[in-house]
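The values are calculated or read from the model by the stated rules, or taken from the named source; none is laboratory data. Keep in mind that what you see is a predicted model, and the values were worked out from it rather than measured. In this analysis, Cβ positions are derived from the backbone assuming ideal geometry, glycine residues included, and neighbour counts consider all displayed protein chains. Only protein heavy atoms, including side chains, enter the accessible area calculation; ligands, DNA and RNA are left aside. Shrake-Rupley method; radii C 1.70, N 1.55, O 1.52, S 1.80 Å.
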Amino acid sequence: MVTKRKVPAKRAAATRRKPVRFEDLTVQDILNPRVQSARLDLAGEQVAALLLKAGGAVPVVDRSKQLVGVVSEHDVLLAIEEEPAWGTRRVRDLMSANPYSVRPETSLPTLVHVLTESDLLSVPVVDGANRLLGVVTRRDVIRVALRRAVKRRS
């Protein structure tokens, strides 16, 4: 038996979605949930390799996926400057503890403020139990702002 594929009906003009303003978007709308994270016992060379792929910073999580720190390019450069054998040091020795983080319900204007005032390239996104949900970068925010600007001109 052959079944016909149903074609969705076009929406009436009155039921079309209204464009969402940038001010009404939240971190949840743009976060990247597929993020590389590091464990406390990972070697410095391995986290440096992750940094090259992820760019900017790598969140550090414990066994229960709770955010405990961040290893940034700056942290690795400090380790390189301090010690020739930096690559054998563990993430727990390289990371910055208690990093800035945001919740999924944070508004994008608030996120922009956090990014500019703290001079961060990216911010980990955590839930109420401080478990890592993803990361939001400056590039993510600029991308969505640019899309909104292009749509307004069209």
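Relative contact order for the range 60-101: what is it in percent, counting Cα pairs under 8 Å that are at least 6 residues apart? Write out the running numbers ahead of the final one.
Details: 36 pairs, mean separation 20.0, N = 42.
Relative contact order for the range 60-101 comes out at 48 percent.
Accessible surface of ILE80 in the full protein assembly, 1.4 angstrom probe, to the nearest 10 Å²?
In the full protein context, ILE80 sits at about 80 Å².
Whole-Hz ³J(HN,Hα) for each residue in the range 129-138, computed from phi via Karplus 6.51 cos²θ - 1.76 cosθ + 1.60 with θ = phi - 60°, x for glycine and proline: what do you get?
Along the range 129-138, the couplings run 9, 6, 7, 5, 9, x, 9, 10, 10, 4 Hz.
For the range 70-79, take each phi angle, set θ = phi - 60°, evaluate the Karplus expression 6.51 cos²θ - 1.76 cosθ + 1.60, and give the result in whole Hz per residue in order, putting x for glycine and proline.
So the Karplus estimates, Gly and Pro as x, are 9, 10, 9, 4, 4, 4, 5, 4, 4, 5 Hz.
Accessible area per residue for the chain in Å², computed with a 1.4 Å probe and the full protein assembly in place, what is it?
Result: 71 Å² per residue.
What relative contact order, as a whole-number percentage, does the range 27-90 give when Cα pairs under 8 Å and 6 or more residues apart are counted?
In percent, rounded to a whole number, it is 35.
Rank THR106, SER118, GLY128 by how far each Cα sits towards the positive end of the charge dipole of the range 103-154 (+1 on Lys, Arg Cβ; -1 on Asp, Glu Cβ) and give me just the farthest.
Selected residue: THR106.
For the chain, give the magnitude of the charge dipole about the Cα centre (Cβ charges: +1 Lys/Arg, -1 Asp/Glu; no others), in debye to the nearest 20.
2060
Ignoring ligands, DNA and RNA, what percent of the 1.4 Å accessible area of the chain is carbon and sulfur?
52
Under a Cβ-only charge scheme (Lys and Arg +1, Asp and Glu -1), can you give me the dipole magnitude of the range 86-154 about the Cα centre, in debye to the nearest 20?
440
Using Cα springs under 10 Å in a Gaussian network model of the chain, which residue among ALA97, ALA85, ALA38 shows the largest mean-square fluctuation?
ALA85
Using θ = phi - 60° and the Karplus relation 6.51 cos²θ - 1.76 cosθ + 1.60, list the HN-Hα couplings for the range 59-67 in order, rounded to whole Hz, with x at every Gly or Pro.
Ordered by residue, 3J(HN,Hα) equals x, 10, 10, 8, 4, 9, 6, 7, 5 Hz.
Tell me, what is a quarter of the convex hull surface for the C-alpha atoms of the range 23-154, in nm² with one decimal?
8.5
When only Cα pairs under 8 Å and 6 or more residues apart are kept, what is the percent relative contact order across the range 74-154?
Contact order relative to length: 20 percent.
Once you've got the GNM for the chain with C-alpha springs shorter than 10 Å, pick whichever of PRO104, PRO84, PRO59 has the biggest mean-square fluctuation.
So, out of PRO104, PRO84, PRO59, the one fluctuating most is PRO84.
At 222 nm, what helix-only mean residue ellipticity would the chain give, in deg cm²/dmol to the nearest 500, using -39500 (n - 2.57) for each DSSP H run of four or more?
Using -39500 (n - 2.57) per qualifying helix, the result is -10500 deg cm²/dmol.
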